Amino acid sequence: MYYMKAIVCMTPSGGIGYNNGLPWHSSIDQKYFKVKTIGNGNNAVVMGYNTYRSLGYRALPNRRNYVLTRNPEEKSQWHAADVVFESKIENILLLNFIFEEVFIMGGETIYELFEPYYSDIFVTEIHESCVTDTYFNVSLDEMHYEKTKIDTKYEANGTKLDFYQYTKRSPEDFL
């Protein structure tokens, strides 16, 4: 059963971060991410604790924020009430029954953990040369995903961004 979505901005080589942060600034991708993950206002985002920390320990507005961590009780005492700290993947998988869309938004380990459950992966490929130390290691091969180009945009500094949607093929596609 596939029902979760992933959303990621990465370099052509799959780099997604450096020193627990983004190695680039893209206002175009930030706007796309915000619009996509807010949707109709009944969506959730799921992230790991390091990603939450990289956001300055703040919840993303107009979405329910879930942080997957080994110590949810300890974390929930010190952080915003509008963030849910969870340690069980089973509980995250149930979010599909509560929200219109559930987006996995990183980091590297969280993307890999939920890979079997993706129906769609929204990729912004940023053509900017930068150093990265974390990667999107989910296979986007044509056998398992149908790739659709959504758009191409350019930042004011000339940085090119390509937007793609990868949709998981159904088992019937292999017959």
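The values are calculated or read from the model by the stated rules, or taken from the named source; none is laboratory data. Quick caveat: nothing in here was measured; it's all calculated off a predicted structure. Note that each Cβ is placed from the backbone with ideal geometry, even for glycine, and that neighbours are counted across all protein chains shown. Note: areas computed on protein heavy atoms with side chains; ligands, DNA, RNA excluded. Shrake-Rupley method; radii C 1.70, N 1.55, O 1.52, S 1.80 Å.
Annotations for the structure displayed:
- Hits in region 1-51 (condition: within 24 Å of I92 (Cα to Cα), outside any strand (DSSP E or B) and among the β-branched types (V, I, T)): V35, T37, I38, T51
- Identity of the residue in region 134-175, small (G, A, S) and closer than 25 Å to L113 by Cα, that ends up modelled with the highest pLDDT: S139
- Within the set V8, V102, the sole residue that is under 28 Å from T159 (Cβ atoms), of a type in the set (A, V, I, L, M) and at pLDDT 95 or above turns out to be V8.
- Against the conditions (1) assigned to a strand (DSSP E or B); (2) under 20 Å from A44 (Cβ atoms); (3) open to solvent by 50 Å² or more (accessible area, probe 1.4 Å), D120 satisfies every one except (3).
- Under the condition of being surrounded by 13 or more Cβ atoms within 10 Å (Cβ to Cβ) and in contact with a Phe, Trp or Tyr (Cβ under 6 Å, 6 or more places away or on another chain), the residues counted in region 151-175 number 3.
- Scanning region 128-148 for residues that are open to solvent by less than 70 Å² (accessible area, probe 1.4 Å) and part of a strand (DSSP E or B) turns up T134, Y145, T148.
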